[in-house]
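The values are calculated or read from the model by the stated rules, or taken from the named source; none is laboratory data. Values in this document were obtained by computation on a predicted structure and should not be read as measured data. Cβ atoms come from the backbone with ideal geometry, glycine included; neighbour counts cover every protein chain shown. Remember, those area values only see protein heavy atoms, side chains included, never the ligands or the DNA or RNA. Shrake-Rupley method; radii C 1.70, N 1.55, O 1.52, S 1.80 Å.
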Amino acid sequence: MALSSPPHDFSLLARTIARADDYSAAFDTVVSEVSRLLNARVCIFQRLDRGWMLMGQARGGLRVPVSDLKPALDTIPLDAPVATLDLRAIGEGVWTSVSLDDERGSSLTMLLAGDWTAYARTLTPSATALAFALASVRERQSRRHAERLLVDGYTMARRLSRLGGVETVCQRVVDQVGRSIGAERVALALYRPDEDRLAVAATHGYPVSMVSDVRIEPGSWVIGHVFSSGRSVLVPDIRQTLALSSQRPHYRTFSFAAVPVFAGTETVGVLSATDKTDGSAFNRQDIVALRTISVSAALALIAARSDTEVHRLAYAATVDAHTGLFNRPYFDERLHQEVERAKRASSSLALLMADVDDFKRINDSYGHPVGDTVLNAVGGLLRSAVRVFDVCARYGGDEFAILMPTSDPASALACAERIRQRVAEYEIRDGHQPLRLTMSIGVAVIEPEDTPADLARRADQYLYQAKSEGKNLVRMGGPSSNTRPPLLTSGADEPA
């Protein structure tokens with residue numbers, strides 16, 4: 001290409017570029033203005049860890065794929081501010097590479113169509129001015145990005161504090177990391193004290209099912225090392241670490257970052273990211289962002305775990321240890337609630353009182369461990385015989401209560417008989433000697449003027465009637481005006 005005049009001084013252009021809103025706008029201004037001033041095709045490429053990326057072009061730029069350009073681009077001397085680039089083999093003639101690198105290590109190269117090396121003494125200082133202008137835009141954009149990360153961290157902390165479970169918190173954290181630092185793959189691994197291992201709790205960019213069975217020993221590879229040391233890890237290019245370079249077959253780039261997640265002085269997990277969406281390497285700013293988010297994550301995890309523990313303890317406080325059924329305090333509260341609900345809705349409510357026959361003799365003959373086994377077995381039989389929303393409770397000793405909302409007399413009676421039969425058919429083995437059980441049950445159905453105590457008293461009355469009439473029986477009462485509750489069903493040894 002014949003030149004009619006030397007390149008223009010780019011100092012005025014550099015001042016214009018320095019005022020650009022963002023990095024992308026700055027590149028657009030560089031290629032368009034340089035192309036106009038030199039009347040030439042212009043491209044800008046950035047060297048990344050995974051190759052070259054086109055950042056901007058004007059007047060059509062290069063008309064071949066970047067993949068075809070890579071071998072030629074790799075030949076550009078790193079220490080030559082201006083050099084020729086022979087692209088005749090791919091039909092693009094001779095071009096000139098002009099380095100736009102700055103002292104902060106941004107690997108940018110501007111390509112000019114034609115041979116401009118004769119004007120290297122003019123191009124070199126002009127390119128330096130452009131490089132500093134681009135660097136100032138990048139720094140300003142970085143500061144805005146850092147400010148946005150702080151705002152995002154604060155906003156995320158508030159949002160996480162309103163979430164309920166640990167799984168939800170973990171998923172929200174990794175998704176936020178992906179958005180904030182532009183990472184395609186993010187993982188949050190949490191330490192499991194019972195296994196002395198870390199397990200991946202949530203992922204962004206790939207299914208968590210891919211790693212749900214993976215367990216990481218503290219100290220092993222990157223996540224285990226970060227957990228054990230409590231120190232962040234930033235690797236711009238894993239290929240420089242031979243021990244790790246062969247362990248990343250599924251990743252696109254060669255950079256990753258990982259930070260520990262602290263709860264007070266305790267390390268509870270590791271937050272890691274890889275594969276930046278723009279193909280660049282992770283930097284110190286990304287580590288700062290990960291640390292900021294990890295603080296919010298730790299606070300939310302503590303709150304979520306505390307909330308889960310509160311619910312667990314609250315539930316444990318309502319459950320009987322021997323049977324797994326609800327305990328007496330919980331049952332009494334539910335009885336009051338269901339009586340009031342039945343009255344408001346004019347619906348039915350049944351209460352069953354059941355007692356293991358001759359339980360004292362079982363304890364005296366076989367010992368308390370066998371007695372505990374009997375209680376546990378009966379608890380399981382009761383649960384298997386009722387509806388999922390019925391309330392089964394250990395009322396006291398060997399006595400059980402079952403609250404059946406919306407249950408009419410026929411349904412309640414059928415349930416009671418089903419329980420009696422299952423208990424009678426069940427066999428507990430103490431060594432080689434089988435132990436057979438029986439149960440007596442009283443059934444009462446709510447009446448209009450009943451209080452919770454009235455309903456419980458009548459069910460108890462019919463239970464003791466079943467006991468006094470021979471045990472292994474079900475007795476159910478009619479209206480309270482009856483002086484003797486009628487016999488509605490019986491044990492297997494009596495005529496029905």
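Taking the alpha-carbon distance from residue 471 and a cut-off under 22 Å, which lysines remain once sequence neighbours fewer than 8 residues away in the same chain are dropped? Output for residue 471: 360. Per-residue 3J(HN,Hα) values for the stretch 206-219, derived from phi via the Karplus relation 6.51 cos²θ - 1.76 cosθ + 1.60 with θ = phi - 60°, read 7, x, 5, 4, 5, 10, 5, 8, 6, 10, 10, 6, x, x Hz in sequence order (x marks Gly and Pro).
Ligands, DNA and RNA aside, residue 254 has an accessible area near 60 Å² when probed at 1.4 Å.
Sorting 321-331, 173-183, 452-462 by average packing, meaning the other beta carbons within 10 Å per residue, from highest down gives 173-183, 452-462, 321-331.
For the pair residue 194 and residue 234, the difference between a 0.36 nm per residue extended length and the Cα-Cα distance amounts to 11.4 nm. The three principal axes of the C-alpha atoms in the stretch 74-135 carry coordinate ranges of 34, 23, 17 Å, sorted with the longest axis first.
If you find the alpha carbon centre of the stretch 10-40 and of the stretch 106-127, how far apart are they in angstrom? The two parts, judged by their Cα centres, are 14 Å apart. Among 96, 406, the order of accessible area from largest down is 406, 96, computed with a 1.4 Å probe on protein heavy atoms.
Residues whose amide H lies under 5 Å from that of residue 56, counting only those 5 or more places away or on a different chain, are 44; hydrogens are built 1.01 Å from N in the peptide plane. Highest mean first, the peptides 395-402, 71-78 sorted by other C-beta atoms within 10 Å per residue fall in the order 395-402, 71-78. One decimal place: the segment residue 75-residue 333 gains 84.7 nm when fully extended, by the rule 0.36 nm per residue minus the C-alpha distance. The residues 362, 446, sorted by heavy-atom accessible surface at 1.4 Å with ligands and nucleic acids left out, run 446, 362 from largest to smallest.
Once a ≥ b ≥ c are taken as the square roots of the eigenvalues of the Cα gyration tensor of the stretch 45-93, is the result rounded (a/c under 1.5), prolate (a/b larger than b/c) or oblate (a/b not larger than b/c)? Judged from the Cα gyration tensor, the stretch 45-93 comes out rounded (a/c under 1.5). Net charge of the neighbourhood of residue 230, taken over other residues with C-beta under 14 Å away and scored Lys/Arg +1, Asp/Glu -1, is +1.
Using the Cβ-Cβ distance between residue 144 and residue 124 with R0 set to 30 Å, the FRET efficiency from 1/(1 + (r/R0)^6) comes to roughly 0.45.
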